[in-house]
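Colleague: I'd like to ask you about the structure that follows.
The values are calculated or read from the model by the stated rules, or taken from the named source; none is laboratory data. Worth saying up front: this structure is predicted, and the values here are computed from it rather than measured. For neighbour counting, all protein chains shown are included, and Cβ atoms are generated from backbone atoms with ideal geometry for every residue, glycine included. What goes into the accessible areas is simple: the full protein's heavy atoms, side chains included, and nothing from ligands, DNA or RNA. Shrake-Rupley method; radii C 1.70, N 1.55, O 1.52, S 1.80 Å.
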Amino acid sequence: IARVNQHGLTFNGDSAAANALDDYEEGTWVPGLAFGATDTGITYGSRSGSYVKIGRFVYCQGQLDLTGKGSSTGDAAFTGLPFAAGNYVAGTSQEGSGFITWWANFDSGAVPTTFWVSEGGTVASIYRALESSQNAIQTQTNTHWKSNTQVRFLVQYMAA
């Protein structure tokens with residue numbers, strides 16, 4: 001049984017000190033967008049992000065409002081995550097995930113989405129469900145974004 005008292009959280013009679021979090025942090029970060037790992041000419045009307053880090057768990061939210069998608073081509077990714085992802089899941093480099101929660105001015109084939117945060121990185125690769133199949137995903141690319149696309153998104157992963 002868990003109990004909270006003036007000293008903190010206790011479980012089955014142990015001490016609050018035994019259950020103390022060794023790391024709790026709240027902060028802001030500046031998300032970016034890249035195509036093919038570059039962001040040549042991308043401009044933003046606004047962009048912002050916030051995060052909560054509890055131990056190794058990182059929960060991020062972000063928003064990007066583009067005013068120009070630039071000239072880079074290739075797979076789409078959100079950049080600038082506040083902490084590098086660790087290596088906690090055996091047999092894969094996928095260490096985190098997320099999704100776009102709101103969007104405007106997207107190509108019709110761009111959503112729904114999911115993200116892949118790879119170990120050691122601060123980037124969330126963006127994937128989309130294929131319209132022709134409920135069982136497959138494919139990377140989003142620069143062709144799915146417009147110069148006035150707006151997105152709000154969530155990402156979660158474990159930091160290194």
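Colleague: Would you please name the chymotrypsin sites (Phe, Trp or Tyr not before Pro) within the stretch 51-148 that are DSSP coil residues with at most 15 other C-beta atoms within 10 Å of their C-beta?
Modeller: When the chymotrypsin sites (Phe, Trp or Tyr not before Pro) of the stretch 51-148 are filtered for loop state and at most 15 Cβ neighbours within 10 Å, Tyr88 remain.
Colleague: Take the Cα atoms of the stretch 87-160, build their convex hull, and give its volume per residue in Å³.
Modeller: Cα-based convex hull of the stretch 87-160, divided per residue, equals 96 Å³.
Colleague: Using DSSP to call loops (not H, G, I, E or B), can you name the trypsin sites (Lys or Arg not before Pro) in the stretch 34-93 whose Cβ has at most 15 other Cβ atoms within 10 angstrom?
Modeller: Passing sites in the stretch 34-93 are Arg56.
Colleague: Tally Lys and Arg at +1 and Asp and Glu at -1 over the other residues with C-beta under 10 Å from the C-beta of Ala160: what net charge comes out?
Modeller: Charge balance in the 10 Å sphere: -1.
Colleague: Please turn the phi angles of the stretch 142-156 into ³J(HN,Hα) values with the Karplus equation 6.51 cos²θ - 1.76 cosθ + 1.60 (θ = phi - 60°), one per residue in order, whole Hz, x for glycine and proline.
Modeller: Here the 3J(HN,Hα) series is 4, 5, 8, 9, 10, 5, 10, 5, 10, 9, 10, 8, 10, 9, 9 Hz.
Colleague: Using θ = phi - 60° and the Karplus relation 6.51 cos²θ - 1.76 cosθ + 1.60, list the HN-Hα couplings for the stretch 70-86 in order, rounded to whole Hz, with x at every Gly or Pro.
Modeller: Taking θ as phi minus 60°, the curve returns x, 10, 5, 10, x, 5, 8, 8, 8, 10, x, 3, x, 9, 5, 6, x Hz for the stretch 70-86.
Colleague: Are there any trypsin sites (Lys or Arg not before Pro) in the stretch 107-160 that are in a DSSP loop and have at most 16 other Cβ atoms within 10 Å? List them by number.
Modeller: Here the trypsin sites (Lys or Arg not before Pro) that fit, given the DSSP loop and packing criteria, are Lys146.
Colleague: Grab the Cα-Cα distance for Phe99 and Thr43, subtract it from 0.36 nm times how many residues apart they are, and report the gain in nm with one decimal.
Modeller: Between Phe99 and Thr43, full extension yields 18.0 nm more.
Colleague: Starting from the Cα gyration tensor of the stretch 26-160, take the square roots of the eigenvalues, sort them a ≥ b ≥ c, and report rounded, prolate or oblate (rounded when a/c is under 1.5, otherwise prolate if a/b is larger than b/c, else oblate).
Modeller: oblate
Colleague: Using a 1.4 angstrom probe, figure out how much accessible area the stretch 92-147 has per residue, in square angstrom, rounded to the nearest whole.
Modeller: 51 Å²
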